[in-house]
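S.K.: Sending over a structure as structure tokens; questions will come in a sec.
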Amino acid sequence: MTKQRKAVSLISGGLDSMLATKVIQEQGVHVEGINFYTGFCVEGHTHAIRKKDKEKQKKNSSLWVAEQLGIKLHIIDISEEYKDIVLNPKHGYGQNLNPCLDCKIDMVSRAWQWCQDNDFDFVITGEVVGQRPKSQRKETMPIIARESQIEDRLVRPLCAQHLTETLPEREGWIKRDELYDFHGRNRKPQFALAKKLGIEEWSQPAGGCCFLTDASYSKKLQDLWDARGERRYEVDDIMLLKVGRHIRPAKNFKLIVSREEGENNFMRGYRPQFTYLYPTSHGGPLTLIDGTPTEEDLELAARIVARFSQGRDAEKVTLEVVREHNQPAQVVHVKPMPAEEIPEEWYIH
Amino acid sequence: MSQHELNARNLLCPIPVIRTQNKISELSPGDLLVVYCTDPGTLHDIPAWCRVHGHTLVSAEEQSDEIVITIEVNDA
């Protein structure tokens, strides 16, 4: 009796990994999905935080894809271990602080380890030669296979015909002539294949699925490292880079000013870890202070926060400044800083 | 059969899903798991995770400021 071959597929939630998985399922292979949570995943977070996004659908794309394909999905938190990829990428960064090639090598390596631990035979990805400038090039495809140590058990069904034959093809577990020869950034072949496979709906995450490909987010992360004088971060740091206006008047402190009620509520959970302030005479934003502000710095921060309050045109705005959560607040009265007096370079965006 | 609880409050998806997945891997068929969450995304994601893994969603309801999801563990 022929052994039932099993593959694990890296599921991002987008169309390509969905198609790659379906192509291999159609060849009679048992497929399960795997999705790695790095902490930088765009998926859902901003929608969950911001009240104005509350009406948007909050489904997890990877789980949705798994359900459409009828496969199990294993979601694995690698956010702690992933720091080393972000901080020390052997192959460098892409356009922003995105270490795409190192990231792919790491994920394939982890998926291959998962295969060995669970008696699976090979790994599938939705990569397409020439689709991404950093990680999906013909020269980088062998690097991923080699450095992840998976070697010839990594199958890219959408562009396999441009690549060297893999072990599952040689062994006849899958048929090479039923794999594809897609290349480049043209998406028409994917849309045609989706139609052929009866896939009518898929998610299209705007700007990709990783915050590190976002220029504004990367600037905030770089600013964090510059201000601390060292390249390190905690998972809470990278969560807070996703919310609020970030304003840095000096190297020793920055303000994270909430922009709306949803962010306000989310940031309330961080009060025990930060000095924070909020207007009491007028409606206005909760603001966290990251760093080591002096008394003078806090007065400046209060004037900036007042500018974002409903008292921005008032002579005086009263705020409460809390150095330590659950300890008595210091009450301050300040004149709001006029918008034009806040230098543009203080805004990190 | 025993009942277990998981506190996933103030965590954003997919962390509540991952914690649920990891907790269920320690439980036995027939056990009940009650998950307490605050991210509204869990109302979609945890039931979806249950469906793809073959566990039974007993209930998923919003109670004031939190979401309470009860799952019966199956031999998936």
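S.K.: Could you go through the range A:287-296 and let me know if any residue there is closer than 19 Å to A:I348 by Cβ, touching a Phe, Trp or Tyr at 6+ places or on another chain (Cβ under 8 Å), among the hydroxyl-bearing types (S, T, Y) and buried (at least 21 other Cβ atoms within 10 Å of the Cβ).
M.R.: Start the filter on the range A:287-296 by keeping residues that are closer than 19 Å to A:I348 by Cβ, which leaves A:287-293.
The next check asks that each one be touching a Phe, Trp or Tyr at 6+ places or on another chain (Cβ under 8 Å); those that pass are A:287-293.
Keeping just the survivors that are among the hydroxyl-bearing types (S, T, Y) gives A:287, A:292.
Within this subset, residues satisfying the condition of being buried (at least 21 other Cβ atoms within 10 Å of the Cβ) are A:287.
Checking the range A:287-296: at least one residue is closer than 19 Å to A:I348 by Cβ, touching a Phe, Trp or Tyr at 6+ places or on another chain (Cβ under 8 Å), among the hydroxyl-bearing types (S, T, Y) and buried (at least 21 other Cβ atoms within 10 Å of the Cβ).
S.K.: With respect to the numbered conditions (1) of a type in the set (D, E); (2) within 25 Å of the chain's Cα centre (by Cα); (3) within 22 Å of A:V108 (Cα to Cα), which one is the sole condition not fulfilled by A:E201?
M.R.: (3)
S.K.: OK, next. Looking only at the range B:44-66, filter to residues that are of a type in the set (V, I, T) and surrounded by fewer than 15 Cβ atoms within 10 Å (Cβ to Cβ); which one of those is nearest to the other protein chains (Cβ to nearest Cβ)? Can you show your working first?
M.R.: Taking the range B:44-66 as the starting set, the residues that turn out to be of a type in the set (V, I, T) are B:46, B:52, B:56, B:58.
Subset that is surrounded by fewer than 15 Cβ atoms within 10 Å (Cβ to Cβ): B:56, B:58.
Working: B:T56: 16, B:V58: 19 Å.
Among those residues, the one meeting the criterion is B:T56.
S.K.: Right, another one. Read through the list (1) within 10 Å of chain B (Cβ to nearest Cβ); (2) surrounded by fewer than 19 Cβ atoms within 10 Å (Cβ to Cβ); (3) at pLDDT below 95, then give the number of the only condition that A:E55 fails.
M.R.: (1)
S.K.: Right, here's the next one. Looking at this structure, is A:H333 in contact with a strand residue (DSSP E or B) (Cβ under 8 Å, 6 or more places away or on another chain), part of a loop (DSSP other than H, G, I, E, B), modelled with pLDDT of 95 or more and not small (G, A, S)?
M.R.: Values: in contact with a strand residue (DSSP E or B) (Cβ under 8 Å, 6 or more places away or on another chain): yes; part of a loop (DSSP other than H, G, I, E, B): no; modelled with pLDDT of 95 or more: yes; not small (G, A, S): yes.
Taking the combined requirement at face value, the residue does not satisfy it.
S.K.: Additional query: Among (1) more than 19 Å from the chain's Cα centre (by Cα); (2) at pLDDT below 95; (3) charged (D, E, K, R), which single condition is A:K6 missing?
M.R.: Looking at each condition in turn, A:K6 falls short on (2).
S.K.: State yes or no: is A:I199 closer than 18 Å to A:S12 by Cβ, among the β-branched types (V, I, T) and out of contact with any helix residue (DSSP H, G or I) (no Cβ under 6 Å at 6 or more places or on another chain)?
M.R.: Working: closer than 18 Å to A:S12 by Cβ: yes; among the β-branched types (V, I, T): yes; out of contact with any helix residue (DSSP H, G or I) (no Cβ under 6 Å at 6 or more places or on another chain): yes.
Considered against the rule, which asks whether it is closer than 18 Å to A:S12 by Cβ, among the β-branched types (V, I, T) and out of contact with any helix residue (DSSP H, G or I) (no Cβ under 6 Å at 6 or more places or on another chain), A:I199 comes out as yes.
S.K.: A further question on this structure: With respect to A:E263, is the statement that it is surrounded by 16 or more Cβ atoms within 10 Å (Cβ to Cβ), in a helix (DSSP H, G or I) and charged (D, E, K, R) true?
M.R.: For A:E263, the condition - surrounded by 16 or more Cβ atoms within 10 Å (Cβ to Cβ), in a helix (DSSP H, G or I) and charged (D, E, K, R) - is met.
S.K.: Answer yes or no: is there a residue in the range B:15-37 that is in contact with a Cys (Cβ under 7 Å, 6 or more places away or on another chain) and within 9 Å of another protein chain (Cβ to nearest Cβ).
M.R.: Residues of the range B:15-37 in contact with a Cys (Cβ under 7 Å, 6 or more places away or on another chain): B:16.
After this cut, where a residue has to be within 9 Å of another protein chain (Cβ to nearest Cβ) as well, the list is none.
Looking for residues that are in contact with a Cys (Cβ under 7 Å, 6 or more places away or on another chain) and within 9 Å of another protein chain (Cβ to nearest Cβ), one finds none in the range B:15-37, hence no.
S.K.: Just to be sure, is B:G41 facing chain A (nearest Cβ under 8 Å), small (G, A, S) and either crowded, with 22+ Cβ neighbours inside 10 Å or more than 21 Å from A:F36 (Cβ to Cβ) (or both)? Write out each step before concluding.
M.R.: Numbers: facing chain A (nearest Cβ under 8 Å): yes; small (G, A, S): yes; either crowded, with 22+ Cβ neighbours inside 10 Å or more than 21 Å from A:F36 (Cβ to Cβ) (or both): yes.
Considered against the rule, which asks whether it is facing chain A (nearest Cβ under 8 Å), small (G, A, S) and either crowded, with 22+ Cβ neighbours inside 10 Å or more than 21 Å from A:F36 (Cβ to Cβ) (or both), B:G41 comes out as yes.
S.K.: Please state which of the following conditions A:V331 fails to meet, knowing it meets all the rest: (1) under 27 Å from A:M239 (Cα atoms); (2) β-branched (V, I, T); (3) surrounded by fewer than 14 Cβ atoms within 10 Å (Cβ to Cβ).
M.R.: (1)
The values are calculated or read from the model by the stated rules, or taken from the named source; none is laboratory data. This structure is a prediction, so every number in the text was calculated from the model and none was measured. Counting neighbours? That spans all protein chains shown, and the Cβs are built from the backbone with ideal geometry, glycine included.
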